[in-house]
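One structure below.
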Amino acid sequence: MQNKNKTVVRSMDLLNLFLTHRRLSINEMAQLSCIPKTSVHRMIGSLEEMGFLNKDKDGQYSLGLLFLQFGNLVAERLDIRPIALPVMQQLRDDVGEAVHLVLRDDWESIYIEKLDTDHPVRLFTKIGKKAPLYAGASSRIILAFMPEQERELYLDEIELKPIGSRTILDKEQLRASLALSRASGYSFSRSELEDYTAELSAPIFDHSGQIIAALSIAGLEVHFGEEQLPGLVQKVRDAAYAVSRKLGYNQ
């Protein structure tokens, strides 16, 4: 058992080298780790076989895609609700509209937190509700800031179907809306998921600058007039940025 533990520790020592080096040869790993080359060769073979390391045609090693899978799982499973909740509460009290925290779930968005208001007429939204990525401000801001190749794959494959009376059904119009959202840093929708309602959303980024969630306010369409909209946009963008900062985003 002690020998096995020693092997695990040494294997981690080798993997830790890739925190500061993109590619390394066996000789370089042996030199940097002070582990005998024969031992390095044996451990590297096991790490490559398990998918932790990849070997290129030049005999150089780099971290394997398994780490990307693990990293994505960590990001997906990170519960940002307690991080976002104080900001959401302040935003709800400030604007007097329902506030939502929304994540991506494959080709859909999912509401994972909601703070309601005391308005007598409320939106039919609830935690766990899903929407396609093309419809509604929260969904569309996530789609807008997805990697371009992934976004185009989605746009090529998806069939746009009406949900509300103003759901975008033309792909070129959708692309134009996404480009505007990337340029302005927010998305706005009217009657796309539910008639006579409006939603205003901004992106939440993680420490690496990748979009991880969307923060939105939503309510009756009459509450989002042309005079109110600029001030609401600023408040939502500021709130989303505050959450992003808590997640390590510094751009």
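The values are calculated or read from the model by the stated rules, or taken from the named source; none is laboratory data. Bear in mind the structure is a predicted one, so any value in this text is a computation, not a measurement. Cβ: placed from backbone, ideal geometry, glycine included. Neighbour counts: every protein chain shown. Note: areas computed on protein heavy atoms with side chains; ligands, DNA, RNA excluded. Shrake-Rupley method; radii C 1.70, N 1.55, O 1.52, S 1.80 Å.
Restricting attention to region 34-55, the residues that are out of contact with any Ser or Thr (no Cβ under 7 Å at 6 or more places or on another chain) and open to solvent by 30 Å² or more (accessible area, probe 1.4 Å) add up to 13. When region 228-251 is filtered for residues that are open to solvent by 90 Å² or more (accessible area, probe 1.4 Å) and modelled with pLDDT of 95 or more, the ones remaining, listed by number, are GLN234, ARG237, TYR241. Mind checking whether some residue in region 144-151 is open to solvent by 30 Å² or more (accessible area, probe 1.4 Å), over 27 Å from ASP238 (Cβ atoms), free of Cβ contacts under 8 Å to residues at least 40 places away in the same chain and touching a helix residue (DSSP H, G or I) at 6+ places or on another chain (Cβ under 7 Å)? No, there is no match, as no residue in region 144-151 is open to solvent by 30 Å² or more (accessible area, probe 1.4 Å), over 27 Å from ASP238 (Cβ atoms), free of Cβ contacts under 8 Å to residues at least 40 places away in the same chain and touching a helix residue (DSSP H, G or I) at 6+ places or on another chain (Cβ under 7 Å).
On the basis of being more than 22 Å from ARG81 (Cβ to Cβ), out of contact with any Lys or Arg (no Cβ under 9 Å at 6 or more places or on another chain) and not hydroxyl-bearing (Ser, Thr, Tyr), does HIS223 make the cut? Write out each step before concluding.
Working: more than 22 Å from ARG81 (Cβ to Cβ): yes; out of contact with any Lys or Arg (no Cβ under 9 Å at 6 or more places or on another chain): yes; not hydroxyl-bearing (Ser, Thr, Tyr): yes.
In short, yes.
Hey, among LEU193, LEU220, LEU200, which residue is touching a Phe, Trp or Tyr at 6+ places or on another chain (Cβ under 6 Å) and touching a residue at least 60 places away in the same chain (Cβ under 8 Å)? Let's see the steps before the verdict.
On the way: LEU193 fails: touching a Phe, Trp or Tyr at 6+ places or on another chain (Cβ under 6 Å); LEU220 fails: touching a Phe, Trp or Tyr at 6+ places or on another chain (Cβ under 6 Å).
Testing whether each residue is touching a Phe, Trp or Tyr at 6+ places or on another chain (Cβ under 6 Å) and touching a residue at least 60 places away in the same chain (Cβ under 8 Å) leaves just LEU200.
Restricting the search to region 161-187, which residues are under 21 Å from the mean Cα position of the chain (by Cα), within 12 Å of TYR134 (Cα to Cα) and buried (at least 16 other Cβ atoms within 10 Å of the Cβ)?
LEU174, SER177, LEU178, SER187
Against the conditions (1) surrounded by fewer than 14 Cβ atoms within 10 Å (Cβ to Cβ); (2) outside any helix (DSSP H, G or I), SER109 satisfies every one except (1).
May I ask you to verify whether ILE211 is buried (at least 16 other Cβ atoms within 10 Å of the Cβ) and aliphatic (A, V, I, L, M)?
Values: buried (at least 16 other Cβ atoms within 10 Å of the Cβ): yes; aliphatic (A, V, I, L, M): yes.
Yes, satisfied.
Among the residues making up region 214-227, those that are touching a Ser or Thr at 6+ places or on another chain (Cβ under 9 Å) and open to solvent by 30 Å² or more (accessible area, probe 1.4 Å) are LEU220, GLU221.
Checking the conditions here, which among ASP156, ASP118 is surrounded by fewer than 18 Cβ atoms within 10 Å (Cβ to Cβ) and assigned to a loop (DSSP other than H, G, I, E, B)? None of the other options fit; the residue is ASP118.
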